[in-house]
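**Student:** Have a look at the structure that comes next, please.
The values are calculated or read from the model by the stated rules, or taken from the named source; none is laboratory data. Predicted model only: the values in this text are computed from it and were never measured. Positions of Cβ are generated from backbone atoms using ideal geometry, with glycine treated the same way; all protein chains shown enter the neighbour counts. These accessible areas exclude ligands, DNA and RNA; they are computed on the full protein's heavy atoms, side chains included. Shrake-Rupley method; radii C 1.70, N 1.55, O 1.52, S 1.80 Å.
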Amino acid sequence: CWKSCSAGCLLLFLLYWLYGGAAMLTLLTVALLGAFYHYQDSFLYHPETPERSRLFVQTPTTFSLPYENIYLRTEDGVRIHAYFIKQPPGMLQTVPTILHLHGNAGNIGHRLPSAQALYVECQCNILLLEYRGYGRSDGSPSEGGLFLDAKAGMDLLLSRSDIDTRKIIVFGRSLGGAVAAKICSHPAYIDRSCAVIIENSFSSIPMLAKVLFHPLAGRLPEWAFKNQYFSVQAVRMIRAPTLFLSGLDDQLVPAWMMEQLFQNCGAPAKHVQRFPQGGHNNTWQCRGYYNTWRAFLSQVALVNSFTIRPFSEYEHRVDESLQQAADQHQQHQPSS
């Protein structure tokens, strides 16, 4: 290592001697930008956190959840892992199915407590997808790679004959929200989900870098960011009813970014639900969280003219925009 450092110092000295300080400064700037670009993945993706996350993935059996252990191939040939948590046979084909896109750390085993709550409280099937480079999935994470992973998950659900493919809900939390926005705004999938739910996500990586690191990061050109995730642009193309779940006590992603996503979302029916006590990782534990899910799903059923199994003992809350979309849909239906 010291030999490499010595050689580097000698090279810099020779360049300074031959070409002067301006050239030296230019080369140093280029080198720093190159290092910044190269190491961005390690700033964003944390598949090894918590420790041993790549070695041990908890199974749904721990939570008494019936499931299939699935491996699927992405378009570029990477093998990724997933759990398909399914409702009993009498409900499997009639309830909605959630494509669950997780955050930037851990593995899908760490999402099982919240998945169990969704399974029980919202009576849905859930495909817990594990990104490339996480848990038992092969490969290394990247922005393009995570899109292909989500694409493989959507294709798997759309190919299944044991679920109602009209009732696919794309749900993304944190980084998963950016992946959800990207897949649901893609022309091939823009009409393939009945709803989109985004929780505690960000506007874009350059904007987030400006907040988390230094305002100067926001002045860097877009090409300097290896991962960009411009969700604030992607959400403009979303057409399915969309719910934004925002924890106002989020200490990582500022809540105004969720407001920005909501304001820019192109869905005719959209709603933002704010949780004053919600942090980045615990909004799903806030009071009223599952009431919001259930009320939203009920309104989505009206908008899309299908039925959802009745929920027991929950506060029914109707968002005005969703109700208007449901009313408009009914007006355009042919009379019987």
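**Student:** Does residue 153 satisfy the criteria of being open to solvent by less than 10 Å² (accessible area, probe 1.4 Å), touching a Leu at 6+ places or on another chain (Cβ under 6 Å) and in a helix (DSSP H, G or I)? Walk me through how you get there before you give the answer.
**Tutor:** On the way: open to solvent by less than 10 Å² (accessible area, probe 1.4 Å): yes; touching a Leu at 6+ places or on another chain (Cβ under 6 Å): yes; in a helix (DSSP H, G or I): yes.
Judged against the criteria, residue 153 is a match.
**Student:** Determine which single condition residue 39 fails, assuming it passes every other condition in (1) modelled with pLDDT of 95 or more; (2) open to solvent by 60 Å² or more (accessible area, probe 1.4 Å); (3) among the hydroxyl-bearing types (Ser, Thr, Tyr).
**Tutor:** Looking at each condition in turn, residue 39 falls short on (1).
**Student:** How many residues, within the range 113-141, are of a type in the set (D, E, K, R) and surrounded by fewer than 18 Cβ atoms within 10 Å (Cβ to Cβ)? Lay out the reasoning, then the answer.
**Tutor:** Pass one, the range 113-141, residues of a type in the set (D, E, K, R): 121, 130, 132, 136, 138.
Checking which are surrounded by fewer than 18 Cβ atoms within 10 Å (Cβ to Cβ) leaves us with 121, 138.
The number of residues fulfilling the criteria is 2.
**Student:** Kindly indicate the residue of the range 198-207 that is outside any helix (DSSP H, G or I) and out of contact with any Lys or Arg (no Cβ under 9 Å at 6 or more places or on another chain) and also surrounded by the fewest Cβ atoms within 10 Å (Cβ to Cβ) among those meeting that condition.
**Tutor:** 204
**Student:** Checking the condition crowded, with 22+ Cβ neighbours inside 10 Å and assigned to a loop (DSSP other than H, G, I, E, B), which residue from 193, 161 passes?
**Tutor:** 193 is the lone residue from the list that is crowded, with 22+ Cβ neighbours inside 10 Å and assigned to a loop (DSSP other than H, G, I, E, B).
**Student:** Mind checking which pairs have a first residue in the range 77-99 that is within 19 Å of residue 118 (Cβ to Cβ) and of a type in the set (Val, Ile, Thr) and a second that is open to solvent by 30 Å² or more (accessible area, probe 1.4 Å) and assigned to a loop (DSSP other than H, G, I, E, B), Cβ under 8 Å, 6 or more apart or different chains?
**Tutor:** Sorted first by the residue in the range 77-99, then by its partner, the pairs are 85/66; 94/307; 94/309; 95/123; 95/308; 95/309.
**Student:** Another question about this same structure. Pick out the one residue from 246, 201 that is polar (S, T, N, Q) and under 17 Å from residue 150 (Cα atoms).
**Tutor:** Going through 246, 201 in turn, just one is polar (S, T, N, Q) and under 17 Å from residue 150 (Cα atoms): 201.
**Student:** For residues that are open to solvent by less than 20 Å² (accessible area, probe 1.4 Å) and of a type in the set (S, T, N, Q), scanning just the range 208-256, find the one that is modelled with the lowest pLDDT.
**Tutor:** 227
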